[in-house]
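One structure below.
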Amino acid sequence: MSVTTKKQRLLLRPFEMSDAPAVQALVANPKIVTMAGNLPNPYPENGAAMWIATHGAQHWLKSAIIRAIIRREDQQCIGAISVDQIPSGLNAQGNLGYWVGVPYWNQGYVTEAGQLMLALAAQEFNLNRLVAAHRIDNPASGRVLEKLGFNELEPRRMTNLSGEYLFRCYRKNLP
């Protein structure tokens, strides 16, 4: 399913294999890998295609919602947003994650995509709560979470693919 913003700047849709070259080019930037905190560094050649190929199974199992962030004006894939680690059952929650390519930073795209994902998670996947985290050295991501209505929890140490970093952790109850 595709979702759009009222301003019509963005479209969220499932990834297609045709998005792989754009994803590969965007994620090849070390700034993305560093700030995302959960991507392999360096990003492997053909990593985007391999990653996109995993989405079908996750969607079928309902363990993740993974969407491409598409700029409507030119249909360009500018990033990704997801809710993963979704358990089944009542009181389900998931983990919100996102990234956009460096050329698209500081333009409000992640906040808009986040609003769309919150609605999708609540309305179509019946999630009651989301959690999220960002690296301490990425305060812009914290501002996005605050704009989306997340509340900060106690800072804690978390492990990612690149090693251990201090993250700020957040939670939001969905309507």
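Of the residues GLY94, GLY108, GLY47, GLY101, only one is within 24 Å of LYS31 (Cα to Cα) and crowded, with 20+ Cβ neighbours inside 10 Å; which?
Just a single option satisfies the conditions, and that option is GLY101.
Return the residue satisfying two criteria in turn: it lies in region 79-95 and is of a type in the set (A, V, I, L, M, F, W, C) and free of Cβ contacts under 8 Å to residues at least 40 places away in the same chain, and of such residues it is nearest to THR54 (Cα to Cα).
If we take residues in region 79-95 being of a type in the set (A, V, I, L, M, F, W, C) and free of Cβ contacts under 8 Å to residues at least 40 places away in the same chain, then ALA92 is nearest to THR54 (Cα to Cα).
Regarding MET17, is this residue surrounded by fewer than 13 Cβ atoms within 10 Å (Cβ to Cβ), hydrophobic (A, V, I, L, M, F, W, C), in contact with a helix residue (DSSP H, G or I) (Cβ under 8 Å, 6 or more places away or on another chain) and over 30 Å from ASN173 (Cβ atoms)?
yes
We did not get these values from a lab; they are worked out from the coordinates using the rules stated. Treat the numbers as computed from the prediction; the structure is a model and nothing was measured. Glycine gets a Cβ as well: all are built from the backbone with ideal geometry, and neighbour counts include every protein chain shown.
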